[in-house]
Structures are given as structure tokens and as C-alpha cells.
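Engineer: Take a look at the following structure, please.
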Amino acid sequence: MSIEVRPATEFDDLALLVGPKKPTSNVCFCLSYRIGSKENNELRGSQRADRVRELCQQDPPPGVIAYLDDEPVGWAAVHPRRDTTFARNRLIPHIDDLDVWSLWCVRVRPGHRRQGISHALIEGAVAHAKRLGAPAIEGYPVDNRGEKVNLTMAYVGTRALFEAAGFTKATDTRSTLDGFPRVLMRLDLRGAGATPRSGSDVGGQP
């Protein structure tokens with residue numbers, strides 16, 4: 001099995017993974033942390049899709065997509081923290097002044113779970129951020145200590161998932177999700193290599 005992770009420049013592929021089932025729906029598209037809450041609440045129906053199309057055309061795009069035999073099977077939202085709502089989030093602390101990137105959503109398409117796609121997405125997001133000059137990358141997963149996490153809340157990832165990709169806990173946060181505390185996981189990219197998992201092709205075209 002070969003998984004390739006590419007920058008999310010194809011709107012249709014992104015929409016397949018995180019778009020609402022009904023085009024007129026006012027949810028998802030992974031916008032709540034990417035844009036301000038006022039704009040997020042004002043976008044309706046097709047406006048949300050149009051906004052995401054714009055993001056896919058920007059540099060950098062809104063995240064990365066995992067492909068299995070050229071079929072989109074997973075999504076990870078990753079972007080400079082300064083341009084997300086995490087820049088002003090009172091529950092998730094800033095631990096220093098580095099211009100870090102945030103990795104806040106990891107989604108695997110139903111029917112493709114337990115195939116290593118989440119691991120490949122995180123590693124692909126790390127490689128993407130490093131390639132674009134990020135000095136460090138952060139995630140804000142739940143510290144569930146091995147307990148089961150509701151699938152609808154699992155998009156933030158788990159501490160163990162991030163640890164497997166080389167992240168270490170930097171600090172606690174005041175945020176909780178599904179009853180579990182969220183922790184700030186950090187990976188320093190200055191001089192560090194992003195090593196793909198064996199059997200995965202983690203990279204992509206700019």
C-alpha cells in the first residue's frame with residue numbers, strides 16, 4: 001500500500017473529504033479554525049464552498065490530502081498559526097514567539113480507517129510545513145490515555161498519534177473535548193528531518 005500526501009489544491013477532493021453532504025449546509029469544510037468566527041458564521045450554503053475554493057488556490061493551501069491509488073482518502077488542516085483562530089485562542093497557549101504552524105484536524109474517509117492514513121497525514125503535514133519554512137509545528141490533540149474517543153470528536157487526534165510522529169508535549173491547555181483534556185504537542189523543524197513511515201510515499205507537488 002502506497003499513500004501519497006499532497007497539498008490540498010484540488011477543491012473537489014477536499015469537498016469529498018470534509019464538505020457537507022448537502023451543498024446548502026452551513027457546517028464543516030473545516031473552516032471554524034481557519035477563518036474568523038464572524039466570517040465563519042456569516043457564510044451560507046454555496047458561499048462556504050466558494051470560500052474554500054479560494055483557499056485551495058492560495059499559497060499555502062489550507063492543508064494536505066492523502067491519496068491511495070490516486071483516490072482521496074484523508075485530510076489534514078495545517079497552516080501558519082498566525083492566520084488561524086489559534087492566534088487568538090484563549091484556551092490554547094502560546095509557548096514562545098516562533099512563527100509556528102498549527103495542525104488541528106486529521107480526518108480519514110470512512111472505509112479507509114486502520115490503514116495508517118492518519119500517521120501518513122501527520123507526517124505529510126509536517127513535511128509540507130517544513131518545506132515551506134515553518135520553524136516548528138503544533139497539534140492540539142486529546143490526551144485520552146488509551147480510552148475510546150467519539151469518532152465525531154476524534155478529528156483533533158490523540159496524544160499517542162502525535163507522539164508516534166515525533167511530537168512531544170510542550171504544555172497543557174485549558175481546552176477539553178469529549179471529556180478529555182487537550183495538550184499542546186510541538187515538533188521543532190529547525191534542522192529536523194521529516195521521515196515517512198515505511199511503505200508510505202509522503203510528499204507532494206507544490
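The values are calculated or read from the model by the stated rules, or taken from the named source; none is laboratory data. Bear in mind the structure is a predicted one, so any value in this text is a computation, not a measurement. Reconstructed Cβ throughout: ideal geometry from the backbone, glycine too, with neighbour counts over all protein chains shown. Each accessible area value is taken on the protein alone, full model and side chains, heavy atoms only, with ligands, DNA and RNA left out. Shrake-Rupley method; radii C 1.70, N 1.55, O 1.52, S 1.80 Å.
Engineer: So for each of 135-146, 108-119 I average, over its residues, the number of other beta carbons within 10 Å; can you give me the resulting order with the highest mean first? List each step's numbers first, then the result.
Structural biologist: Working: 135-146: 20.2, 108-119: 16.1.
Ranking, from highest mean packing down: 135-146, 108-119.
Engineer: Which one, [x] 13.0; [y] 15.7; [z] 10.8, gives mean projected area of the Cα convex hull in nm² as derived from the coordinates shown?
Structural biologist: Computed from these coordinates, mean projected area of the Cα convex hull in nm² corresponds to label [z].
Engineer: Take a quick pass over the chain and tell me how many lysine pairs come in under 25 angstrom between Cα atoms, counting only ones 8 or more apart or on separate chains.
Structural biologist: Close lysine pairs under the 25 Å cut-off: 4.
Engineer: Here is a further query. What helices does the chain have that are whole DSSP H segments, at least 18 Å long along their own axis by Cα, and with mean Kyte-Doolittle hydropathy of -0.5 or more? Walk me through the numbers on the way to the answer.
Structural biologist: Values: long enough: 117-131 (20 Å, 0.31).
Helix filter hits for the chain: 117-131.
Engineer: Hey, another quick one. Counting only heavy atoms of the protein chains, get the accessible area per residue of the chain (1.4 Å probe) and round it to a whole Å² value.
Structural biologist: Numbers: 10310 Å² over 206 residues.
That works out to 50 Å² for each residue.
Engineer: Any idea of Asp178's accessible area? Nearest 10 Å², probe 1.4 Å.
Structural biologist: Using a 1.4 Å probe on the heavy atoms, I get roughly 70 Å².
Engineer: What is the percent carbon and sulfur in the accessible area of the chain, measuring with a 1.4 Å probe over the protein chains and ignoring ligands?
Structural biologist: Numbers: 4770 of 10310 Å².
The C+S portion of the solvent-accessible surface of the chain is 46 percent.
Engineer: Pull out the extension gain between Glu42 and Arg90, defined as 0.36 nm times the separation in residues minus the alpha carbon to alpha carbon distance; nm, one decimal.
Structural biologist: On the way: separation 48, 0.36 × 48 = 17.28 nm, distance 2.24 nm.
This chain segment gains 15.0 nm when fully extended.
Engineer: Provide the FRET efficiency to the nearest 0.05 for the Asp97-Lys148 pair, computing r from the beta carbons and using R0 = 45 Å. Could the numbers behind the result be given before it?
Structural biologist: Working: r = 37 Å, r/R0 = 0.83.
After rounding, the FRET efficiency stands at 0.75.
Engineer: Helix-only estimate, please: 222 nm mean residue ellipticity of the chain, summing -39500 (n - 2.57) across DSSP H runs of length 4 or more and dividing by its residues, to the nearest 500. Don't skip to the end; give the middle numbers.
Structural biologist: Details: 5 runs with 47 residues, N = 206.
The per-residue figure over the chain is -6500 deg cm²/dmol.
Engineer: Keeping all protein chains in the complex and leaving out DNA, RNA and ligands, what accessible area do you get for Thr176 with a 1.4 Å probe, in Å² to the nearest 10?
Structural biologist: 90 Å²
Engineer: Moving on to the next point. Please give the contour-minus-distance gain from Asp12 to Glu163: 0.36 nm per residue of separation, less the Cα-Cα distance, rounded to one decimal in nm. Present the calculation step by step, with values, prior to reporting the outcome.
Structural biologist: On the way: separation 151, 0.36 × 151 = 54.36 nm, distance 3.13 nm.
Full-extension gain reported as 51.2 nm.
Engineer: Additional query: Say we join alpha carbon atoms closer than 10 Å with springs in a Gaussian network model of the chain; which of Lys21, Lys130, Lys169 then has the biggest fluctuation?
Structural biologist: So, out of Lys21, Lys130, Lys169, the one fluctuating most is Lys21.
Engineer: Is the shape of segment 107-195 rounded, prolate or oblate, going by the alpha carbon gyration tensor and its root eigenvalues a ≥ b ≥ c, with a/c under 1.5 for rounded and a/b larger than b/c for prolate? Intermediate results must be reported in sequence, preceding the final value.
Structural biologist: Working: a/c = 2.29, a/b = 1.28, b/c = 1.79.
Oblate is the answer for segment 107-195, as a/c is 1.5 or above yet b/c matches or exceeds a/b.
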